[in-house]
1. Please go through the range 80-95 and pick out each residue that is open to solvent by 20 Å² or more (accessible area, probe 1.4 Å) and not in a loop (DSSP other than H, G, I, E, B).
2. Is it the case, given these coordinates, that D74 is open to solvent by 40 Å² or more (accessible area, probe 1.4 Å) and under 24 Å from F186 (Cβ atoms)?
3. Do we find a residue being open to solvent by 30 Å² or more (accessible area, probe 1.4 Å) and part of a helix (DSSP H, G or I) anywhere in the range 298-307?
4. Of the conditions (1) modelled with pLDDT of 90 or more; (2) within 14 Å of the ligand (Cβ to nearest atom), S373 fails just one. Which one is it?
5. Show me the helices (runs of 4 or more DSSP H) found entirely inside the range 211-295 where at least 1 residues are open to solvent by less than 60 Å² (accessible area, probe 1.4 Å) and within 20 Å of A44 (Cα to Cα).
6. Could you grab me the full set of residues in the range 185-200 that are open to solvent by 10 Å² or more (accessible area, probe 1.4 Å) and of a type outside the set (V, I, T)?
7. Take the range 311-342 and flag every residue that is open to solvent by less than 40 Å² (accessible area, probe 1.4 Å), outside any helix (DSSP H, G or I) and more than 14 Å from the ligand (Cβ to nearest atom).
Amino acid sequence: MKVSCSVVVFALVFHFFLVTGSRSPPPSDSVIIIGAGMSGIMAAKTLEEAGYKDYIILEADSRIGGRVHKGQVDGNTVEMGANWLFSGGPKSSPAHEIAKKIKLRTLYSDYGNLSSNIYKQGGGLYEKHVVESAFKVADARQEFGTNLSKILSSKKGGDDDISILGSQRLFKQVPKGPLDLAVDYFYNDFEEAEPTRISSLKNTFPRQLMEDFGEDSYFVADPRGFETVVHYIANQFLSHNNNKITDPRLQLKKHLENELPGENMIFVTVTDEESRRIEQQSEKKTKAEIMQVLKKMFGNGKQIPEPDTMLIPKWWSNRLYKGSYSNWPNGYTLHSYHDLQQPFGRIYFAGEHTNSTYLGYVDGAYFSGTFRSPSDSLYPLLGRAT
Ligand SMILES: Cc1cc2nc3c(=O)[nH]c(=O)nc-3n(C[C@H](O)[C@H](O)[C@H](O)COP(=O)(O)OP(=O)(O)OC[C@H]3O[C@@H](n4cnc5c(N)ncnc54)[C@H](O)[C@@H]3O)c2cc1C
């Protein structure tokens with residue numbers, strides 16, 4: 001399950017690679033890759049394997065990995081960006097395959113117990129059977145939405161779409177009340193990181209990543225961090241020493257502008273306006289709000305200790321990201337999406353947002369930098385190199 005701690009931007013994730021040279025460059029033309037996230041590293045690897053050695057990677061930050069980035073809380077590694085890997089489907093997720101190869105420690109996220117773990121706003125748990133009924137209704141809603149999405153998609157060339165909330169309205173089962181809303185958040189907002197009134201039904205259901213790679217999600221809990229997956233790829237073609245990339249073609253802190261989960265840790269997810277609000281307020285206020293919720297949930301007269309440390313990733317306020325990951329909003333047409341993927345002169349774009357099949361995920365970023373982008377063969381440059 002992919003979760004956002006920050007708001008989503010759809011189109012403006014800054015990840016692209018710039019090509020200098022003629023439209024059909026001989027191998028001696030130089031290539032500049034901007035950004036060393038998963039897609040930039042994959043784009044460089046793809047060029048390298050196609051025989052283009054004359055490229056540089058300019059990364060504005062002091063590290064590679066982009067939104068795959070670990071942080072530290074009291075000496076424990078925590079993931080600030082991507083957390084989950086996916087498995088159990090008919091295809092293999094490249095990110096998960098690498099994680100297995102490097103023996104990245106992961107924990108299976110068992111959501112089977114959820115019906116015994118939903119708290120009331122005022123404290124105390126909902127009864128299991130009550131939650132199970134809410135899940136049944138949510139399943140039926142999702143099934144209706146998936147079928148409707150297939151009907152909309154079968155209309156060739158049509159732009160007909162509806163929001164996920166719109167489909168819930170048609171099904172006459174709009175989530176109401178705290179329990180239904182919590183369950184709906186788990187089914188939808190938690191994944192898309194935007195509310196159902198915004199997310200496109202047609203371009204969300206069925207979730208292709210889960211269909212292909214499976215719904216079993218594994219939480220990365222390794223002191224080396226999820227970013228080791230990106231490092232593993234980079235180390236295959238960039239010279240390195242003691243796990244440090246020494247290849248002069250990777251230039252960190254460069255840009256073209258003017259200027260383990262330990263024990264006793266609680267992971268809180270906020271999305272949409274809540275995440276923007278929290279990014280902008282003081283940590284003290286956020287801590288007070290969290291304490292208020294925890295006291296209601298677990299208080300029952302007991303003393304709830306204050307957290308020793310808090311770590312709040314701020315992807316939305318970071319000018320290099322301006323959000324956590326992309327989501328397809330209702331009303332955004334396929335035509336506009338294709339425009340977004342198109343090269344601009346000799347500038348070619350990669351990044352998770354340019355991969356419609358696995359939009360928003362690490363695997364989407366991975367494929368966007370390869371020849372093998374499952375549905376988005378948008379790279380004339382790479383096409384030429386094959
Ligand atoms: C909180 C959060 C949770 C997530 N959870 C999951 C998950 O569980 N599973 C999953 O698969 N995905 C998850 N994702 C999404 C995943 O992290 C991204 O889809 C993926 O890492 C994007 O890779 P990218 O290469 O497209 O972009 P990025 O990782 O954003 O890379 C872009 C790079 O370009 C650099 N850059 C930007 N501007 C410039 C400039 N002007 N000059 C030079 N360099 C520049 C940036 O510093 C960055 O390194 C999550 C993301 C977030 C933020």
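1. Passing the criteria: W84, S87.
2. Here the answer is no, as D74 does not meet what is asked.
3. Taking every residue of the range 298-307 in turn, at least one turns out to be open to solvent by 30 Å² or more (accessible area, probe 1.4 Å) and part of a helix (DSSP H, G or I).
4. Unmet for S373, out of (1) modelled with pLDDT of 90 or more; (2) within 14 Å of the ligand (Cβ to nearest atom): (1).
5. Output list reads 227-235.
6. Those that are open to solvent by 10 Å² or more (accessible area, probe 1.4 Å) and of a type outside the set (V, I, T): Y185, F186, Y187, D189, F190, E192, E194, P195, R197.
7. Passing the criteria: P329, T333.
The values are calculated or read from the model by the stated rules, or taken from the named source; none is laboratory data. Every value quoted in this text rests on a predicted model; they were computed, and no experiment measured them. Note that we place each Cβ from the backbone using ideal geometry, even for glycine, and neighbour counts take in every protein chain shown. Note: accessible area is taken over every heavy atom of the protein model, side chains too, but ligands, DNA and RNA are not part of it. Shrake-Rupley method; radii C 1.70, N 1.55, O 1.52, S 1.80 Å.
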